[in-house]
């Protein structure tokens, strides 16, 4: 049976060349395991997958993904998940302070007005620089993957990324 599920990436179990296995917090309120054609999954980011439901002998019911689309986190919960899971130097308490200050605009602030981070208690200039650097690195890798799609392998993208 063909299905389409949208939601937020909660956990990444494994990745390969244009392949990944993830746990999705679905917009339908359910948790969905999905594996297959997923490029550059990042915890907290939004995802839409299409595929068929199958019963894997080891992992149980999951969606065998034939296509997927990933977008930067836009919800407060997604941004919190991204900050804690993907950015060095940010734990749950500091992530809450950042999101309390900037809300759903948090990632735009980090990209476009990063100097505003130091106004948050607990973020020094050096910590802000670390946060900004880590976010930029994630964004460059994600953007390269989106740009090249299946035209480049994960290794090729990582080589381009390391040159950047």
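How long are the semi-axes of the ellipsoid equivalent to the chain, from square roots of 5 times the Cα gyration tensor eigenvalues, in whole Å, largest first?
Semi-axes from the Cα gyration tensor: 30, 19, 12 Å.
Where does helix 125-148 land angle-wise versus the long Cα axis of the chain, in degrees 0 to 90, nearest 10?
Long axis of 125-148 versus the principal axis of the chain: about 30 degrees.
Which value, to two decimals, describes the C-alpha radius of gyration of the range 8-55 once divided by 2.2 N^0.38 Å?
1.04
Nearest 10 degrees is fine. How inclined is helix 154-163 to the longest principal axis of the chain, computing both from alpha carbons?
Helix 154-163 sits roughly 20 degrees off the main axis of the chain.
For a protection proxy built on the mean count of beta-carbon atoms within 10 angstrom, sort 76-85, 62-71 highest first, please.
76-85, 62-71
Treating the angle as unsigned and between 0 and 90°, give the value, to the nearest 10°, between the Cα long axis of helix 92-102 and the longest Cα principal axis of the chain.
Value to nearest ten degrees: 70.
Which value in Å does the Kirkwood hydrodynamic radius of the range 76-147 take, with 1/r averaged over all unlike C-alpha pairs and then inverted?
12.2
The numbers here are math on the coordinates, done by the rules we state, and not lab data. Keep in mind that this is a model prediction, so the values were computed, not measured. All Cβ positions, even for glycine, are placed from backbone atoms using ideal geometry, and neighbour counts span all protein chains on display.
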